[in-house]
1. May I ask you to say which residue of GLY55, GLY89 is on the phi > 0 side of the Ramachandran plot, within 15 Å of the ligand (Cβ to nearest atom) and surrounded by fewer than 10 Cβ atoms within 10 Å (Cβ to Cβ)?
2. Are there any helices (runs of 4 or more DSSP H) wholly within the stretch 114-175 with 2 or more residues that are within 14 Å of THR69 (Cβ to Cβ) and away from the ligand (no atom under 16 Å from the Cβ), and if so which?
3. Hey, could you check the stretch 34-68 for residues that are among the hydrophobic types (A, V, I, L, M, F, W, C) and under 15 Å from the mean Cα position of the chain (by Cα) and say which is modelled with the lowest pLDDT?
4. Go through the stretch 66-86 and report how many residues are farther than 16 Å from PRO124 by Cα and within 13 Å of the ligand (Cβ to nearest atom).
5. Which numbered condition in (1) over 18 Å from ALA150 (Cα atoms); (2) open to solvent by less than 40 Å² (accessible area, probe 1.4 Å); (3) within 16 Å of the ligand (Cβ to nearest atom); (4) small (Gly, Ala, Ser) is the only one that GLY109 fails?
6. What are the residues in the stretch 29-80 that are of a type in the set (S, T, N, Q) and touching a residue at least 12 places away in the same chain (Cβ under 8 Å), if any?
7. Please identify the pairs in which a residue from the stretch 87-101 that is touching a residue at least 12 places away in the same chain (Cβ under 8 Å) and within 19 Å of VAL129 (Cα to Cα) has its Cβ atom under 9 Å from the Cβ atom of a residue that is outside any loop (DSSP other than H, G, I, E, B) and of a type in the set (Val, Ile, Thr), counting only partners at least 6 apart or on another chain.
8. Regarding the stretch 70-79, can at least one residue be identified that is among the β-branched types (Val, Ile, Thr) and more than 30 Å from VAL19 (Cβ to Cβ)?
Amino acid sequence: MSVLLNDTARRMAEIQDKVNNGERLSLEDGLFLYESDDLLAIGQMANQVNLRKNGKKVYFIENMSLYFTNVCEAHCAFCNFRKDQGEEGAYTLSGEEMIAYVEQHFHPGIREFHIVGGHNPHVPFQYYVDSLQALHDRFPDVTLKAYTGAEIEFYSRISGLDFRQVLQKLIDAYG
Ligand code: SF4
(Lines give C-alpha, C1' and ligand atoms only; values in the text may rest on other atoms or scores of the structure.)
Protein backbone atom coordinates (compact mmCIF):
# COMPACT_ATOMS: atom_id res chain seq x y z
CA MET A 1 0.00 0.00 0.00
CA SER A 2 2.73 2.45 1.00
CA VAL A 3 4.62 1.57 -2.22
CA LEU A 4 1.48 2.50 -4.18
CA LEU A 5 1.14 5.76 -2.31
CA ASN A 6 4.80 6.56 -2.94
CA ASP A 7 4.38 5.82 -6.63
CA THR A 8 1.39 8.10 -6.76
CA ALA A 9 3.23 10.89 -4.98
CA ARG A 10 6.25 10.44 -7.25
CA ARG A 11 4.14 10.62 -10.41
CA MET A 12 2.39 13.74 -9.14
CA ALA A 13 5.76 15.34 -8.34
CA GLU A 14 7.02 14.53 -11.86
CA ILE A 15 3.99 16.22 -13.38
CA GLN A 16 4.40 19.18 -11.05
CA ASP A 17 8.01 19.54 -12.27
CA LYS A 18 6.81 19.55 -15.89
CA VAL A 19 4.24 22.22 -15.07
CA ASN A 20 6.86 24.29 -13.25
CA ASN A 21 9.14 24.08 -16.30
CA GLY A 22 6.37 24.87 -18.76
CA GLU A 23 6.67 21.46 -20.43
CA ARG A 24 3.81 19.85 -22.28
CA LEU A 25 2.15 16.96 -20.43
CA SER A 26 1.93 13.53 -22.07
CA LEU A 27 -1.22 11.50 -22.64
CA GLU A 28 -0.15 9.27 -19.73
CA ASP A 29 0.19 12.34 -17.49
CA GLY A 30 -3.31 13.39 -18.47
CA LEU A 31 -4.73 9.94 -17.71
CA PHE A 32 -2.97 9.92 -14.35
CA LEU A 33 -4.48 13.29 -13.43
CA TYR A 34 -7.90 12.19 -14.67
CA GLU A 35 -7.83 9.22 -12.31
CA SER A 36 -6.39 11.17 -9.38
CA ASP A 37 -8.60 12.48 -6.57
CA ASP A 38 -6.02 15.07 -5.49
CA LEU A 39 -8.15 18.00 -6.60
CA LEU A 40 -6.13 20.52 -4.62
CA ALA A 41 -2.85 19.65 -6.39
CA ILE A 42 -4.56 19.51 -9.80
CA GLY A 43 -6.32 22.82 -9.16
CA GLN A 44 -3.08 24.51 -8.12
CA MET A 45 -1.30 23.29 -11.25
CA ALA A 46 -4.21 24.34 -13.46
CA ASN A 47 -4.17 27.78 -11.87
CA GLN A 48 -0.41 28.02 -12.38
CA VAL A 49 -0.76 27.23 -16.11
CA ASN A 50 -3.76 29.51 -16.47
CA LEU A 51 -1.90 32.44 -14.92
CA ARG A 52 1.10 31.80 -17.16
CA LYS A 53 -1.00 31.68 -20.32
CA ASN A 54 -3.71 34.21 -19.59
CA GLY A 55 -2.46 36.44 -16.83
CA LYS A 56 -5.43 37.95 -15.04
CA LYS A 57 -7.76 37.83 -18.03
CA VAL A 58 -9.27 34.61 -16.71
CA TYR A 59 -10.29 34.71 -13.08
CA PHE A 60 -12.80 33.53 -10.54
CA ILE A 61 -15.24 35.55 -8.54
CA GLU A 62 -16.99 34.89 -5.31
CA ASN A 63 -20.72 34.59 -5.74
CA MET A 64 -23.72 33.77 -3.58
CA SER A 65 -26.37 31.33 -4.76
CA LEU A 66 -29.92 32.44 -4.00
CA TYR A 67 -33.12 30.46 -4.41
CA PHE A 68 -36.28 32.51 -4.01
CA THR A 69 -38.55 29.49 -4.08
CA ASN A 70 -38.29 25.73 -4.09
CA VAL A 71 -41.89 25.24 -5.24
CA CYS A 72 -41.69 23.84 -8.74
CA GLU A 73 -44.10 22.55 -11.34
CA ALA A 74 -41.40 20.46 -13.00
CA HIS A 75 -40.27 17.02 -11.86
CA CYS A 76 -36.69 16.66 -13.11
CA ALA A 77 -35.58 13.13 -12.24
CA PHE A 78 -32.31 14.21 -10.60
CA CYS A 79 -33.81 16.99 -8.45
CA ASN A 80 -33.77 16.75 -4.68
CA PHE A 81 -34.68 20.41 -4.23
CA ARG A 82 -38.20 20.91 -5.53
CA LYS A 83 -41.38 20.78 -3.43
CA ASP A 84 -45.06 20.98 -4.16
CA GLN A 85 -46.98 23.97 -2.89
CA GLY A 86 -48.04 23.26 0.71
CA GLU A 87 -45.62 20.38 1.14
CA GLU A 88 -43.49 20.45 4.29
CA GLY A 89 -40.35 22.50 3.61
CA ALA A 90 -41.85 24.39 0.68
CA TYR A 91 -41.04 28.10 0.69
CA THR A 92 -41.42 31.21 -1.43
CA LEU A 93 -39.51 34.25 -0.17
CA SER A 94 -40.53 37.83 -0.73
CA GLY A 95 -37.89 40.32 -1.84
CA GLU A 96 -37.69 41.64 1.74
CA GLU A 97 -37.21 38.15 3.17
CA MET A 98 -34.44 37.42 0.69
CA ILE A 99 -32.72 40.70 1.49
CA ALA A 100 -32.85 39.87 5.20
CA TYR A 101 -31.24 36.50 4.42
CA VAL A 102 -28.53 38.07 2.24
CA GLU A 103 -27.74 40.72 4.84
CA GLN A 104 -27.08 37.97 7.37
CA HIS A 105 -24.58 36.19 5.12
CA PHE A 106 -23.17 38.91 2.89
CA HIS A 107 -19.58 40.15 2.96
CA PRO A 108 -17.92 42.69 0.66
CA GLY A 109 -16.00 40.05 -1.36
CA ILE A 110 -19.25 38.83 -2.93
CA ARG A 111 -19.58 40.31 -6.41
CA GLU A 112 -22.40 38.29 -7.91
CA PHE A 113 -25.76 36.82 -6.94
CA HIS A 114 -26.46 33.62 -8.80
CA ILE A 115 -30.23 33.21 -8.87
CA VAL A 116 -32.11 30.11 -9.92
CA GLY A 117 -34.86 28.13 -8.27
CA GLY A 118 -38.18 26.46 -8.71
CA HIS A 119 -40.75 27.17 -11.40
CA ASN A 120 -43.47 28.25 -9.02
CA PRO A 121 -46.79 28.67 -10.87
CA HIS A 122 -48.55 29.97 -7.72
CA VAL A 123 -46.97 33.41 -8.06
CA PRO A 124 -47.18 35.65 -11.15
CA PHE A 125 -44.30 36.50 -13.45
CA GLN A 126 -44.17 39.92 -11.80
CA TYR A 127 -42.99 38.20 -8.60
CA TYR A 128 -39.79 37.11 -10.37
CA VAL A 129 -39.29 40.59 -11.80
CA ASP A 130 -39.84 42.22 -8.40
CA SER A 131 -37.41 39.78 -6.75
CA LEU A 132 -34.59 40.96 -9.00
CA GLN A 133 -35.59 44.58 -8.58
CA ALA A 134 -35.54 44.33 -4.77
CA LEU A 135 -32.09 42.75 -4.74
CA HIS A 136 -30.68 45.21 -7.23
CA ASP A 137 -32.08 48.19 -5.32
CA ARG A 138 -30.49 47.01 -2.07
CA PHE A 139 -27.17 45.77 -3.58
CA PRO A 140 -26.63 47.87 -6.72
CA ASP A 141 -22.93 46.99 -7.00
CA VAL A 142 -23.48 43.22 -7.08
CA THR A 143 -23.97 41.64 -10.50
CA LEU A 144 -27.13 39.58 -10.91
CA LYS A 145 -26.76 36.33 -12.83
CA ALA A 146 -30.34 35.21 -12.88
CA TYR A 147 -32.48 32.49 -14.40
CA THR A 148 -31.89 30.01 -17.18
CA GLY A 149 -33.53 29.24 -20.51
CA ALA A 150 -35.92 26.88 -18.71
CA GLU A 151 -37.12 29.71 -16.50
CA ILE A 152 -37.54 32.09 -19.44
CA GLU A 153 -39.76 29.50 -21.14
CA PHE A 154 -41.74 29.06 -17.92
CA TYR A 155 -42.17 32.81 -17.44
CA SER A 156 -43.35 33.12 -21.02
CA ARG A 157 -46.00 30.47 -20.41
CA ILE A 158 -47.36 31.97 -17.17
CA SER A 159 -47.28 35.57 -18.39
CA GLY A 160 -48.43 35.18 -21.99
CA LEU A 161 -45.44 37.29 -23.07
CA ASP A 162 -43.00 36.11 -25.70
CA PHE A 163 -39.38 35.34 -24.82
CA ARG A 164 -38.13 38.73 -25.92
CA GLN A 165 -40.71 40.55 -23.78
CA VAL A 166 -39.89 38.39 -20.77
CA LEU A 167 -36.19 39.09 -21.14
CA GLN A 168 -36.83 42.80 -21.58
CA LYS A 169 -38.87 42.99 -18.37
CA LEU A 170 -36.13 41.20 -16.45
CA ILE A 171 -33.48 43.47 -17.95
CA ASP A 172 -35.55 46.55 -17.06
CA ALA A 173 -35.81 45.39 -13.44
CA TYR A 174 -32.04 45.26 -13.33
CA GLY A 175 -31.56 48.57 -15.09
S1 SF4 B 1 -36.81 22.87 -12.77
FE2 SF4 B 1 -35.18 23.02 -11.23
S3 SF4 B 1 -36.24 23.01 -9.24
FE4 SF4 B 1 -37.70 22.29 -10.77
S5 SF4 B 1 -37.56 20.05 -10.68
FE6 SF4 B 1 -36.16 20.76 -12.30
S7 SF4 B 1 -34.16 21.02 -11.32
FE8 SF4 B 1 -35.72 20.89 -9.69
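1. Criteria check complete, one pass: GLY89.
2. 125-138
3. PHE60
4. 12
5. Only one criterion is unmet by GLY109, namely (3).
6. Matches in the stretch 29-80: SER36, GLN48, ASN63, SER65, THR69, ASN70.
7. The qualifying pairs are TYR91/THR69; TYR91/VAL71; THR92/THR69; THR92/VAL71; LEU93/THR69.
8. So far as the stretch 70-79 goes, yes, one or more of its residues are among the β-branched types (Val, Ile, Thr) and more than 30 Å from VAL19 (Cβ to Cβ).
The values are calculated or read from the model by the stated rules, or taken from the named source; none is laboratory data. All values reported here derive from a predicted model rather than from experimental measurement. Virtual Cβ from ideal backbone geometry, glycine too; neighbours counted across all protein chains shown. Only protein heavy atoms, including side chains, enter the accessible area calculation; ligands, DNA and RNA are left aside. Shrake-Rupley method; radii C 1.70, N 1.55, O 1.52, S 1.80 Å.
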